[in-house]
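The values are calculated or read from the model by the stated rules, or taken from the named source; none is laboratory data. Keep in mind that what you see is a predicted model, and the values were worked out from it rather than measured. Using ideal geometry, Cβ is built from the backbone for each residue, glycine included, and neighbour counts are taken over all protein chains shown. Ligands, DNA and RNA are stripped out before the accessible areas are found, and what is left, the full protein with its side chains, is counted by its heavy atoms. Shrake-Rupley method; radii C 1.70, N 1.55, O 1.52, S 1.80 Å.
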Amino acid sequence: MKHVVKAYDAVLHGMAYFAGLLMAAMMVVIFIDVVLRNLGYQSSAHFFTFTEYALLVIPCLGAPWLVREKGHVYVEILLMYLTPPVRRRVTTAIGLVCVAVCLVLAWYGFGVTLNDFVQNEKDVRSLDMPRWMVVGFIPLSFAMMAIEFARFLWRGESFLAPIAATESEP
């Protein structure tokens, strides 16, 4: 089991690093595109396609890591006014909803990805890309987010960053 956890952690961190690399690459591509156009040259249509794909892939790759690091955004105003026992119950309920939603989206995304693979669907832009390669990051991401939320719930730990108030959560 220890090897499975290490492999999973390596995949999670690898996805996050790759998302960061894609963000940097996207910045470079946009910079080159703007410079070429301002110098009067025709830029590549692949630049735009790469940026579109990256805008889908980056959040999918980074989201599981963001859940693990408690870096996602949430509105804490309701939680601030609850007593600690009620806050824990509400947080647990929210965590269960997060797991359920992530599993439903992973299941649906897996079905779409599998159908695109079986039907050999293509995403036609400046290059023909198998559509399953474009959407395949979605079920992976949501499945891993479900695992991350479930890990917090299993350990009895809050998946939310500490509330801004001076009190700390037990």
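Answer yes if at least one residue in region 152-160 is within 23 Å of the chain's Cα centre (by Cα), charged (D, E, K, R) and surrounded by 15 or more Cβ atoms within 10 Å (Cβ to Cβ), and no otherwise. Within region 152-160 (the criterion being within 23 Å of the chain's Cα centre (by Cα), charged (D, E, K, R) and surrounded by 15 or more Cβ atoms within 10 Å (Cβ to Cβ)), the answer is no, since none of the residues qualifies.
Within region 109-150, the only residue that satisfies the criterion of being open to solvent by 70 Å² or more (accessible area, probe 1.4 Å), without any contact (Cβ under 8 Å) to a residue 60 or more places away in the chain and closer than 29 Å to TYR74 by Cβ is PHE110. Screening LEU56, LEU36, LEU103, LEU96 for residues that are without any contact (Cβ under 8 Å) to a residue 12 or more places away in the chain and open to solvent by 40 Å² or more (accessible area, probe 1.4 Å) leaves exactly one candidate, LEU36. Can you find even one residue in region 105-114 that is among the β-branched types (Val, Ile, Thr) and over 30 Å from PHE48 (Cβ atoms)? No: zero hits.
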